[in-house]
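The values are calculated or read from the model by the stated rules, or taken from the named source; none is laboratory data. Owing to the predicted nature of the structure, the values given are computational and were not obtained by experimental measurement. Cβ: placed from backbone, ideal geometry, glycine included. Neighbour counts: every protein chain shown.
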Amino acid sequence: EYIDSYYFNQVEHIRFNSTVGKYVGYTEHGLKNAEAWNKGSELAQELGELERYCKYNAANHYSAVL
């Protein structure tokens with residue numbers, strides 16, 4: 001699971017969660033930005049990071065845990 005969170009003044013405003021597959025806003029400002037980011041190129045970048053980093057390294061991390 002890949003999670004990318006954005007905080008300001010110790011309050012989480014936006015989070016990308018790979019399980020959900022999109023940005024989720026937790027504040028009024030975060031909701032507006034999440035809606036815009038889900039329509040723009042930011043979502044494609046996060047999904048690219050999921051493919052590039054997480055899925056590529058999952059087998060290595062899983063074998064290290066075992």
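Matching residues to (1) among the hydroxyl-bearing types (Ser, Thr, Tyr); (2) loosely packed, with under 14 Cβ neighbours inside 10 Å; (3) at pLDDT below 95:
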position: ILE3; (1), (2), (3): no, yes, yes
position: ILE14; (1), (2), (3): no, no, no
position: GLY21; (1), (2), (3): no, yes, yes
position: VAL24; (1), (2), (3): no, no, no
position: SER41; (1), (2), (3): yes, yes, yes
position: GLU46; (1), (2), (3): no, no, yes
position: SER63; (1), (2), (3): yes, yes, yes
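Which of the residues belonging to the stretch 9-66 are outside any helix (DSSP H, G or I) and small (Gly, Ala, Ser)?
SER18, GLY21, GLY25, GLY40
Among the residues in the stretch 11-27, are any out of contact with any helix residue (DSSP H, G or I) (no Cβ under 6 Å at 6 or more places or on another chain) and under 21 Å from HIS61 (Cα atoms)? Among the residues of the stretch 11-27, at least one is out of contact with any helix residue (DSSP H, G or I) (no Cβ under 6 Å at 6 or more places or on another chain) and under 21 Å from HIS61 (Cα atoms), which makes the answer yes.
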